Amino acid sequence: MKDMQAQLEKLRPDAAALIRDLATDPKKRELFTRLADHLTVLASEVERAIADRVKQTR
């Protein structure tokens with residue numbers, strides 16, 4: 001469980017947002033914005049899976 005939480009913490013501050021902020025090309029910025037949004041959704045799903053697992057083990 002702690003491994004999953006650690007992975008989630010790495011995913012949350014997603015690198016795509018950092019790269020997006022550095023991108024000067026509008027099309028690249030748009031691409032990295034979409035990638036950052038997708039990573040946020042994935043992180044939320046991992047967080048939900050962790051919570052479900054914790055509930056199952058109680």
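Among the residues in segment 33-40, are any of a type in the set (Gly, Ala, Ser) and either modelled with pLDDT of 85 or more or touching a Phe, Trp or Tyr at 6+ places or on another chain (Cβ under 8 Å) (or both)?
First, the residues of segment 33-40 that are of a type in the set (Gly, Ala, Ser): 36.
If we keep only those that are either modelled with pLDDT of 85 or more or touching a Phe, Trp or Tyr at 6+ places or on another chain (Cβ under 8 Å) (or both) as well, we get none.
No: zero hits.
Quick check on residue 57: is it touching a helix residue (DSSP H, G or I) at 6+ places or on another chain (Cβ under 9 Å) and under 22 Å from residue 2 (Cα atoms)?
Numbers: touching a helix residue (DSSP H, G or I) at 6+ places or on another chain (Cβ under 9 Å): no; under 22 Å from residue 2 (Cα atoms): yes.
For residue 57, the condition - touching a helix residue (DSSP H, G or I) at 6+ places or on another chain (Cβ under 9 Å) and under 22 Å from residue 2 (Cα atoms) - is not met.
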Condition first: loosely packed, with under 10 Cβ neighbours inside 10 Å and modelled with pLDDT of 75 or more. Can you find one or more residues in segment 6-20 that meet it?
no
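The values are calculated or read from the model by the stated rules, or taken from the named source; none is laboratory data. These numbers come from a predicted model, not from an experiment. Ideal geometry is used to build each Cβ from the backbone, glycine not excepted, and the neighbour counts take in all protein chains shown.
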